[in-house]
Structure formats: C-alpha cells, structure tokens
1. Go through B:206-215, A:208-217, A:221-230, A:46-55 and give me the packing order, highest mean Cβ count within 10 Å leading.
2. Over the whole of B:261-268, what's the average partner chain Cβ count within 10 Å per residue? Rounded to a whole number, please.
3. With an 8 Å cut-off on Cα pairs and a minimum separation of 6 or more residues, tell me the relative contact order of region A:134-289 in percent.
4. What order do you get for A:18-26, A:171-179 when each peptide is scored by the mean count of other beta carbon atoms within 10 Å, highest first?
5. Per-residue Cβ counts within 10 Å, from other chains only, averaged over A:337-343: what number is that?
6. How many times 2.2 N^0.38 Å is the alpha carbon radius of gyration of region B:196-343?
7. Averaging sequence separations of C-alpha pairs under 8 Å and six or more residues apart, then dividing by the length of chain A, give the relative contact order as a whole percent.
8. Summarise the long-distance tail of P(r) for the protein assembly as shown by giving the % of C-alpha pairs beyond 39 Å.
C-alpha cells in the first residue's frame, strides 16, 4: 500500500482516484483554490459533482489550505491541475513537495518560445525547480484517457513518462489496475508532444462533421472526410514529433490514440462542428457561452512555432497544410475552407 | 474527355462512375456475371439498386457479354470486382484488355504464400499477365473511401498506386474532382498492404464496442478502449508495412485513415460488436445470416504469414498481440479476451 496524493480535484485528477484507491492505496484528494466546492460536495456525498458514480470508499479530502498535511508522508503526488493552473502548480505546489516524493502530472500542453521551440510543462517546471535547487523527479501522463470513461472502468491505455525508468516502474506499480494499463517512456518530450499536438487536429476532424451537416443535414454522418483529415493529422503529427526529436512509432501511436479519443470528446468536437457549419471562431465561442478553449491554445502555439521554423528554414510550410488552416481559423478568424488537394502527395 | 470503362457494378465500382462521369468523361459500366440485375435496374431506372441517388446522366450500361464492346476504345479500365472476383478478373477480364489501356483496380486484399510472403492482387495478376506475355499496366486504388459517401460527394482522399508515375498522373487527371482527391504512389505494395491490413484491426476496435455494451448496456459508448486499440493497430500496421519493405509515413497514414473509416463501416463493425458482446465467430456469422466476411479473410492470411515469419526468426510474435488475438477469435473460435497489458511498452 502506498499513499497517493492528488492535487487538483478537476475531472481528470479526481478520476485517477479510482485506480489509485481501488489498488488499496491511501488516496488524498486536494482541491485547488478553485475546487473548494468540489471538495465540500465530495466530502459530504462521497461523489464528485460531475461524476455519475461514487468515489471508492475511504478517500480522504483536503481543501487547499490543508495541502501540507496531505503531502506529508505521500509516496507520490499526482498533479491534476488544468493548463490554467500550470503557474500555480509550479510556483506554489512543487516547492512544497519534498524532493524524495515523485510527481506525476496529467496537465497536457506545450509552450512555444520566440525561437520556435516547443517546450513541455515539465520543461517549464524543471526551470523553476532548478532555480530553487530542488531535485524533485517530475513525470507526466499521456495517452487516450477521458476522465469519465476511466471512472466507468472502460479499458484504458496510457503512458507515464519521466527521466528515470525505476521511478516510472514504481509509479506504475502503484497505479496500474486491470482496466488502467500503463506504458513507460523516458522520452518525456515525445509523449508530451504527441498528446498535446492532437487537439488542433481533433478540431480538424470535427470541422468535417459540421461541413457535412451544412451540406447534408444534421442526421447524416459521413466518414470519408473525417478519415481523410485523420490520416493527414497523423502525418503532420509525425512530422512535428520528428521536429521535436521524438519521431518514434511508440510516440506516434500514443498520439494517434489520443487524437481518436479527442475526436469524440466534448468541447473541441463541438467547436469544430460549429465552425464547420459556418460560424467563425468568435461566433462559435459565443455559442459556447465564452467557454475557454484550453485545448485549442496549443494548436495556435504550435502553428506559431512552425512559422518561426519555416522562416529559419528548418520546416516547410507545405508539410502542415491542415494545422495551418486550423490556425487561420483560430487566429485570423477565417472561414473553414479545407485545403483538400494540399493533402495529396506523390511518392 | 476520356472513355472510362468500369468492370464490376458492385457498390465501389459503381460509385466511381460519379467522379468519372461528372468530369465529363464517357463512362461505361459493365456488370460481372453476378451483376445482371444491377445492370438491368440501372439501365431501366438510372439508379443503382443500393444507392440513394441517381447515376449522373449519360452513363452507358453493359451486361457481361457486351464487355468487349465496352472495352473497345477505352482510355482506362476500372476493375470493380470484390475479392471473390479476383480470379475471374485475372483469367477472363485482363486478357481481354489491350495492352495500351491502363487498368485501375479497387479490389482490396492480400494473399499469403507458404513462405510467409504477403502478395497484392496486382502481384497475382502480374504473374498471369507475364505468363500470357501481356504488357498491361496495372494500378490500384487505396485509401479511406466508402462507396455511398463517395456517391454523396463527401470529401474523399484516396491514393492511386502503380509502377509508372506518368500513367498515374493521367489516371488522376481523368478521375479527380473537387470532392475526389488523389495521391499518387509507385509503392504498390505499400499502399495495397496498408489498406488491406486495416480490416482485422477495425474488427479489433469494434470488439471494444461490444465489450462495453455487454458491461454497460447498449446505449453507453466509451472511447478510451477504442482509442487504445486504435493506437495499437496503427503500431502493428506500421510493423507489417516495415516487413513489406514499405514502412513510409505516407503508406501508414493512408492505412490509418482507412482504418478510421472502416471502424464505422458496415459488416466488420457489426461482427466485432457481436463478438465483443460474447458470441463466438460461428454464432456471429449465423446472426449475420452467413454473410461472407471478405474483409476478415485478410486478417487470417496476414496472421498466417506472421506465424511463418516468426518460425523463420524474421518477426517477433510479441509485436502483434492484437492481430494474434483477432486471429485466435476468427481461426480458433476463441472468446474475446483482449490482451490489454500486452499493448504496454517500455521505451
């Protein structure tokens, strides 16, 4: 038995309490400053307000001011913040964790630099830790896993990544169940890039659903066009993984699986459909009541990095026609006009 | 304007009449001996009995005994037979085509040999042509394209493959439209393998749908498990393409797109769901009224080739856990028991 402390009681952090607790570990769920009500409700009812199923019995709940108590004696810390919590996690949470407790983060994203590099959140946090002289071991989770399906015990395959394989094996031994299967990789940039890249591409697939609804009515689904975008997406993702120095089949397949699951997931899909039907990005956002599209921020960042690399002569714009169009839609508010012929090749 | 003769009036052959005719070509649709009624109905009504939309005006229809008239003066021949028509096409049709008319086949499949090789239908036909001293130029279509969606003008991306790029460019100039986009590749083995391999893997994804229906009821769809299989499928397909000497990103992405569309297509999906719910393959076939599962034959052939290559020390069984399980289900009539943990890796 180990002590697993999850910091961030959003859906994904909270969903990880299921395999963690069902493995017989002590599990402590700590809310961020934004999770106060979630912790109150979970404490009172034994259920996360967004889940259809009770938490496993015996979970312990902590408000943010009780975080130090939760961290004390932990065998691992799961970072469950959204990408909007990245700074708070790096500035407030990580410094409070003793160096010997490994950290496993679920936050997906990439950060672009002025010279066209794409950094993982682990890279950003590592800079902060280095400045503090802290020796925490940072790890991350990638791969196709939606929280509500993990809660439902749908079979799930993810990858834990980090620099130290022994630490990764320990984390797997604590977390893996008969429905939560864990690959291990020391290629942090590869796994984190693969799972961050998929968001813009999932939007691309969803565009075709909206385009079809506009052309044929809402009830008729077509998959030729979805499949065409999917194939092109895998191709562009592979090229970006190459750029990241991580163009392995393992990484690409984690990304392809994550793309597949994201095509069916919530908001990215919905935005793509609205855009495909003919709205511009402002209208689509308004339709969604200004919901912030965390996932699409990554697409814009990656596009920005690509454009810098094109200027530097490192990348070729013709290799990324799909992402460039997604970026035009998001950044320049252009109408959807998928460059189908640009996806063809001669080989 | 060119003259396009389509031999085989099944759904895919007939669907290609749409882009061909809408491009202003003369299009001649020739039935096989099994298509007599389709040709009669199409001639009388202007509509294929399985389509929801009329053929473009001006199509010309031919029964099989009129084939020679249809072939005469053609600029290209499209082979539209199913995999059950492969022998007939090679023995009867190809010898009747003058060497200067290029042939473009839609038939997807692979053929295994006793020494573990996987041949394309073009390989098999080429042997027959060589024996006859004929110099026909054989080409094929791969990529994600279901017939009814092509008929509906959903945006579609396919790849034409053949040995001669100039011929391929000519075929594209005749066939490509603003909704039918065509890549060109001289890697026939790569394109044909990619699109044949996907069938067994599409069955794998569908298994999880049935498993979920059994566990959670028919209305609840889950995508974590589908995505896990999808990622593993792309990985195994890539390894098989490597084995075929065709492990390029272009080939893999044609295959990934084709896998995506096949997951949603007709019978393969239905069989997978029935198996996932708990039937064995005989029960599933009976439920489908003994429908012959053309697509799944390929999975068994590929598995057979892999096992021979494993004995020869060329391939490692551990690299294909998903296809091996699909083969167990189809060949040994085993119950579904997906080896989830075998999909995890350390990298």
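Every read-out reported here was derived from the displayed coordinates using simple, explicitly stated rules and does not represent laboratory data. Predicted model only: the values in this text are computed from it and were never measured. As a convention, Cβ positions derive from the backbone with ideal geometry for all residues, glycine included, and neighbour counts pool all protein chains shown.
1. Details: B:206-215: 22.0, A:208-217: 19.0, A:221-230: 26.3, A:46-55: 15.2.
Ranking, from highest mean packing down: A:221-230, B:206-215, A:208-217, A:46-55.
2. Numbers: counts 9, 2, 3, 6, 2, 0, 0, 0.
For peptide B:261-268, the averaged partner shielding equals 3.
3. Working: 245 pairs, mean separation 42.3, N = 156.
Taking the mean separation of contacting Cα pairs over the length of region A:134-289, I get 27 percent.
4. Values: A:18-26: 19.4, A:171-179: 17.7.
In descending order of packing, they fall as A:18-26, A:171-179.
5. Details: counts 0, 1, 1, 7, 5, 1, 6.
Mean partner-chain Cβ count within 10 Å for A:337-343: 3.
6. Values: Rg = 14.6 Å, N = 148, 2.2 N^0.38 = 14.7 Å.
Against the empirical 2.2 N^0.38 Å value, I get 0.99 for region B:196-343.
7. Values: 662 pairs, mean separation 51.8, N = 347.
After rounding, I find 15 percent.
8. Values: 85620 of 240471 pairs.
The proportion of pairs with Cα distances above 39 Å equals 36 percent.
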